[in-house]
Protein chains: 4
Amino acid sequence: MLRIGLLGAGRIGQIHGGNIAAQPAAGLVAIADALPAAAAALAAETGAAVASIEEILEDRSIDAVVIATPTDTHADLIEAAVRSGKAVFCEKPVDLDAARIRACLAVVAEAGVPLMIGFNRRFDPSFAALKARLDAGEIGALEMVTILSRDPAPPPLSYIERSGGLFRDMMIHDFDMARFLLGEEPVEVYALGSSLVDPAIGEAGDVDTAAVVLKTGGGRIVQISNSRRAPYGYDQRVEVHGEKGMLRAGNHHTTTVEAATATGYSRDPALAFFLDRYREAYQAELSVFIEGVVEGRALTPSGEDGLKAQILADAATLSWESDKPVRL
Amino acid sequence: MLRIGLLGAGRIGQIHGGNIAAQPAAGLVAIADALPAAAAALAAETGAAVASIEEILEDRSIDAVVIATPTDTHADLIEAAVRSGKAVFCEKPVDLDAARIRACLAVVAEAGVPLMIGFNRRFDPSFAALKARLDAGEIGALEMVTILSRDPAPPPLSYIERSGGLFRDMMIHDFDMARFLLGEEPVEVYALGSSLVDPAIGEAGDVDTAAVVLKTGGGRIVQISNSRRAPYGYDQRVEVHGEKGMLRAGNHHTTTVEAATATGYSRDPALAFFLDRYREAYQAELSVFIEGVVEGRALTPSGEDGLKAQILADAATLSWESDKPVRL
Amino acid sequence: MLRIGLLGAGRIGQIHGGNIAAQPAAGLVAIADALPAAAAALAAETGAAVASIEEILEDRSIDAVVIATPTDTHADLIEAAVRSGKAVFCEKPVDLDAARIRACLAVVAEAGVPLMIGFNRRFDPSFAALKARLDAGEIGALEMVTILSRDPAPPPLSYIERSGGLFRDMMIHDFDMARFLLGEEPVEVYALGSSLVDPAIGEAGDVDTAAVVLKTGGGRIVQISNSRRAPYGYDQRVEVHGEKGMLRAGNHHTTTVEAATATGYSRDPALAFFLDRYREAYQAELSVFIEGVVEGRALTPSGEDGLKAQILADAATLSWESDKPVRL
Amino acid sequence: MLRIGLLGAGRIGQIHGGNIAAQPAAGLVAIADALPAAAAALAAETGAAVASIEEILEDRSIDAVVIATPTDTHADLIEAAVRSGKAVFCEKPVDLDAARIRACLAVVAEAGVPLMIGFNRRFDPSFAALKARLDAGEIGALEMVTILSRDPAPPPLSYIERSGGLFRDMMIHDFDMARFLLGEEPVEVYALGSSLVDPAIGEAGDVDTAAVVLKTGGGRIVQISNSRRAPYGYDQRVEVHGEKGMLRAGNHHTTTVEAATATGYSRDPALAFFLDRYREAYQAELSVFIEGVVEGRALTPSGEDGLKAQILADAATLSWESDKPVRL
């Protein structure tokens, strides 16, 4: 059984904690959080102990850590954890700065322990099935990828100000999804952005509505669109076109109920909360991490995947700022 | 070119008149109607002449007639037309009385000219495609048929009082659809009916909501449901189950527009008017009649099909009245 | 915390055991099964103790039992449990014989403890939402209910022979669903059945394909269809019509992936396994039981609901055997 | 009755000819084509006379002309027609060169007669309904437009070589659709293109797969994607997002039939032929032209609309060639 320590017991840490505790092949043994009450509450629920980060890293009986702390602590904690010989699952992103990610990955490489990054959407059953069918050749050679992500509503302005901007904070998931699906690297990025949802976001130097096009060395084309607003739920769709046709995957709804009345046919909004939408994805990524560590397999998405998505996010940000395409 | 006379220039006669005029293989040469103005208007639109029924039947240059007059004239006009050697397309039903239909069909048989009955739904592109795929074995041996027909709103009470009742007036289409799909004859009928839409319909001795189950000699089962009310449009659906799966066909909508807002996803009501819903079916049945007569092919649905649907409607009516299953 | 003993650790007992263990307001304290290994395996997984039925019933610290043993033990175990003062959740049916159910319910009434029957489909989120919207008046007064249930494949013949027949074993769920939705009692039942899936089922005196129509005192009409075969998954649909429109709820699919190729558009089969299809329903019914017992609320579906569904199943069986409608 | 002369009796001319002939408010009086047999065949079908272009333009009894000749004749014919005082409906584009279009529009302005350009997609019932609902405020202020157009298969290479390139030949429809929906002008264009469908298209200096992003002065964003291949039919979709939600409209299918078998649920490919897909749109645009001329209303899409779409197509072509965004 893989003994796991959890660093961070906030919203996403609670999800990971519950998922670890439910894994037969793993045990959640210790939880650290800057807020002792948060750690204690999750510990009570899962049967784990409360500990400090240092205690967890020094505990030789702990095989792996799951990092769900604030972004600006990720790189330091990854380095400390791999130096203490622990396998690491870290929430995205490793860091908002690509140079810092590179330095961190060098430490990971030297330590020779596995690192996996939490790009959860790869593990959504529908997106994963789409990828598997694409790889199986169902639509032949891939030509075009379209990814749409729209959040139900913008986060607080205080969050946006520290987020690194929409391209790094929100669209980074879509950059990873694009790389996941493409099978080759983008070589060019062009980004457009606007502040249409809330002028305060624009005044804070960010955008809330954006479109990016990518092109790969092989000429494949990717379209990505993002918005901080979607009144009908959390809108998350992928559509890929190949020589033999199309595959697409979309939103989840609470029920299958359809009504038909004098005004027409109607059904539920999409699930509005990302933890509901990606519940199975969060479970699956932890399973993959745990099984991968236990069986000594290479872990994907890797630190390198984290770096490459960040480079795309940086390029998109630069493209938006300069209004020019950026070559990679 | 098949020269056709049209008897009846009311709502359905106008549809048939336009469809005949648009057929390259046929010409609409004369139109008769009890209301001279109706005949004249349609004649002006289609380039046909106005004539009396007698003139049309006596005109040796006319090859065929399309009968779209009131129901109680159908059997007499069929007999007169076939005696004058004309091929006949007659709107359903031949008559509300099975004995009268039998007598009429005997005259047709003696005359040796073709007769086709206007069960238009067989020619709906979706129902016809479903039938073709069923016959092609796509779902293997047929086991169960479910037919749903719901009118947008009840007709005037004056119409209902002369209609022969819901089972003969409305469900007769579904009995024909059941026979069309089954490939064997029902041997048992059980009917339930209620007056839930308008109490006046019940007071007039009829029902506005009904369900029928049929069973064939081979044990296949049919479910039919009817209502005189569907606020979301004209609801017309067929679903068939076989050993290898299911085929179903359904409603038409004006547009493909879908909206998603805070209240959910929505799309248009179903087309509400039967002449819109079955526009292509009305065109196709006339094509089949014209080509069939020109090429000397047997015409389906035949007079016999008209008789058998009527017998099922009578049996359903009797079952409802007696609250007992009726064996055929 | 409600302390619960589980009687029966087979397929459905394992589901209930896991769901009880995951409830914060309840504890699974003991498990009994005729096969000690089955009880031990589930006990190991959930942290419960292994015990005999007698030990569980005699243990005064246990507040409630969940009965998931073979059908022919249900009534006896309910009686024994309520006599020992325990609240009871029992899998459907109470018994295959209505008289035995009545006797059992008399014992329950005398004991004055709560009894809930496991008609899980009422707790499916989509069917429950449909019912709530119906009750909220979204489609006005109810007129017609259509329920379709098709199993992916027939059970072993040995099971069918002891099952009480399709109407009691399979359609009983649909009778309960009909009563759940109707808001009034059926007063008439007519049933048709055939053996189309497997002739051996017919030779064993049962049917594998069936259609039933029900009518209530208020004239509402219910259509039910069942088949022991559905190659495209576990097909479970409900559609209700009222004066203002329609509500319907349907199947679940593994993913949202849609493909479009030269042969057309396609998506996954329906979920094929009832424990997947009704996973959330099984969780919800145990929550309702546990909360209801803790808070002293009346439990639904009640023993009376179990009896009434059984009476409808008996009536349908009699109708099928006699080929006559049966009045209740 | 508006007397119309048709210039060009090829594939699209035949469509327009039939649609004019079916309009009660108009008459198709004369048809000219470089191939006399083509003109004669269509004349025989519609009852029009065969004439030369010159004869039609000189015939004072002819009120309007519909131009459906090859693209390189459009501007000259428009000029000749307006100089002879005839209202003009011209197939898109006016010309492949924006300067030539400007010069032509100056002649039209001087002549003071109406000119309408055949951007048929604006008249598709679904796209038109989407636009009407957008204008009615159903989703509030518009933020993002996504347009996808995929042809079933590439045209012959000989066609592509004379076409002006994908952005001018194919995407020009989408530029017009974008302008139709936006309500303000794009100020910036960035285009990516690849040759993924057929290398010969790339060798001919064109692309077969492309994505464009546009931005308006108000910050609204448009995504357009095109491909010369769609094995599942003619793929034509529009999706718009606003502050209150989304509206989208999509493809047409031959039937409503859905199958469910062991491999899943499936339905028809999309209609593959553009004349089927846009049948109603072609009818509607002629109606609008005829009614507009008769009633003296301003005609939309105007010559100016034709010019502006061409300018966007030129800008996209330049952006693709230079790999830089182009400001307008």
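Data overview
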quantity: Some residue of the range C:178-190 being away from chain B (no Cβ under 14 Å) and within 14 Å of the chain's Cα centre (by Cα); calculated: yes
quantity: Residue in the range D:135-181 that is nearest to D:ILE201 (Cα to Cα), counting only those that are among the hydrophobic types (A, V, I, L, M, F, W, C) and surrounded by fewer than 20 Cβ atoms within 10 Å (Cβ to Cβ); calculated: D:LEU157
quantity: Odd one out for D:PHE289 among (1) in contact (Cβ under 8 Å) with a residue 40 or more places away in the chain; (2) surrounded by fewer than 22 Cβ atoms within 10 Å (Cβ to Cβ); (3) more than 14 Å from chain B (Cβ to nearest Cβ); calculated: (2)
quantity: Subset of the range A:129-145 (residues that are part of a loop (DSSP other than H, G, I, E, B) and within 11 Å of chain C (Cβ to nearest Cβ)); calculated: A:GLU138, A:ILE139, A:GLY140
quantity: Subset of the range A:195-206 (residues that are more than 9 Å from chain D (Cβ to nearest Cβ) and either within 30 Å of D:PRO231 (Cβ to Cβ) or in contact with a strand residue (DSSP E or B) (Cβ under 9 Å, 6 or more places away or on another chain) (or both)); calculated: A:ASP206
quantity: Failed criterion for B:ARG297 (all others in (1) under 20 Å from the mean Cα position of the chain (by Cα); (2) more than 14 Å from every other protein chain (Cβ to nearest Cβ) hold); calculated: (1)
quantity: Pairs with Cβ under 8 Å, 6+ apart, first in the range D:198-219 and touching a residue at least 12 places away in the same chain (Cβ under 8 Å), second in a helix (DSSP H, G or I) and polar (S, T, N, Q); calculated: D:VAL212/D:SER319
quantity: Test result for C:ALA38, closer than 30 Å to A:ALA21 by Cα and either assigned to a helix (DSSP H, G or I) or under 21 Å from the mean Cα position of the chain (by Cα) (or both); calculated: yes
quantity: Within the range B:146-162, considering residues that are over 15 Å from the mean Cα position of the chain (by Cα) and of a type in the set (A, V, I, L, M, F, W, C), the one nearest to the other protein chains (Cβ to nearest Cβ); calculated: B:ALA153
quantity: Only one of C:ALA103, C:ALA128, C:ALA132 that is surrounded by fewer than 21 Cβ atoms within 10 Å (Cβ to Cβ) and outside the structural domain of C:ALA316 (by TED's automatic domain parsing); calculated: C:ALA103
quantity: Search result, residues across the range B:168-181 that are hydrophobic (A, V, I, L, M, F, W, C) and touching a strand residue (DSSP E or B) at 6+ places or on another chain (Cβ under 6 Å); calculated: B:MET170, B:MET171, B:MET177, B:ALA178, B:LEU181
quantity: Only listed residue being in the same structural domain as A:LYS244 (by TED's automatic domain parsing) and of a type in the set (Phe, Trp, Tyr), chosen from A:PHE180, A:PHE89; calculated: A:PHE180
quantity: Residue within the range D:302-312 that is in a loop (DSSP other than H, G, I, E, B) and either more than 14 Å from chain A (Cβ to nearest Cβ) or surrounded by fewer than 18 Cβ atoms within 10 Å (Cβ to Cβ) (or both) present; calculated: yes
quantity: Among the candidates C:ILE31, C:ILE56, residue that is within 18 Å of C:PHE289 (Cβ to Cβ), among the hydrophobic types (A, V, I, L, M, F, W, C), part of a helix (DSSP H, G or I) and at pLDDT 95 or above; calculated: C:ILE56
quantity: Verdict on C:GLN223 being in a strand (DSSP E or B), more than 10 Å from chain B (Cβ to nearest Cβ), in contact with a strand residue (DSSP E or B) (Cβ under 6 Å, 6 or more places away or on another chain) and buried (at least 24 other Cβ atoms within 10 Å of the Cβ); calculated: no
quantity: Test set (1) touching a Ser or Thr at 6+ places or on another chain (Cβ under 8 Å); (2) farther than 26 Å from B:SER163 by Cβ - B:ALA26 fails condition number; calculated: (1)
quantity: A:ALA211 being within 14 Å of chain D (Cβ to nearest Cβ), among the small types (Gly, Ala, Ser), in a helix (DSSP H, G or I) and buried (at least 24 other Cβ atoms within 10 Å of the Cβ); calculated: no
quantity: Residue that is farthest from C:ASP72 (Cα to Cα), among those in the range C:95-113 that are over 19 Å from the mean Cα position of the chain (by Cα) and among the β-branched types (Val, Ile, Thr); calculated: C:VAL113
quantity: All positions within the range B:313-324 that are of a type outside the set (Gly, Ala, Ser) and either more than 10 Å from every other protein chain (Cβ to nearest Cβ) or under 13 Å from B:ALA211 (Cα atoms) (or both); calculated: B:ASP314, B:THR317, B:LEU318, B:TRP320, B:GLU321, B:ASP323
quantity: Hits in the range B:180-225 (condition: under 20 Å from C:GLN223 (Cα atoms) and touching a Pro at 6+ places or on another chain (Cβ under 8 Å)); calculated: B:GLU188, B:VAL189, B:TYR190, B:VAL197, B:ASP208, B:LEU214, B:LYS215, B:THR216, B:VAL222
quantity: Which listed residue is among the aliphatic types (A, V, I, L, M) and out of contact with any strand residue (DSSP E or B) (no Cβ under 8 Å at 6 or more places or on another chain), from B:LEU57, B:LEU115, B:LEU96; calculated: B:LEU96
quantity: Matching strands (runs of 3 or more DSSP E) fully within the range B:231-280 where at least 1 residues are within 7 Å of chain D (Cβ to nearest Cβ); calculated: B:245-249, B:258-261
quantity: Residue check, B:ALA40 modelled with pLDDT under 95 and over 30 Å from B:LEU318 (Cβ atoms); calculated: no
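The values are calculated or read from the model by the stated rules, or taken from the named source; none is laboratory data. Since the structure is predicted, the reported quantities are computational estimates derived from the model, not experimental observations. Positions of Cβ are backbone-derived with ideal geometry, glycine not excepted, and every protein chain shown enters the neighbour counts.
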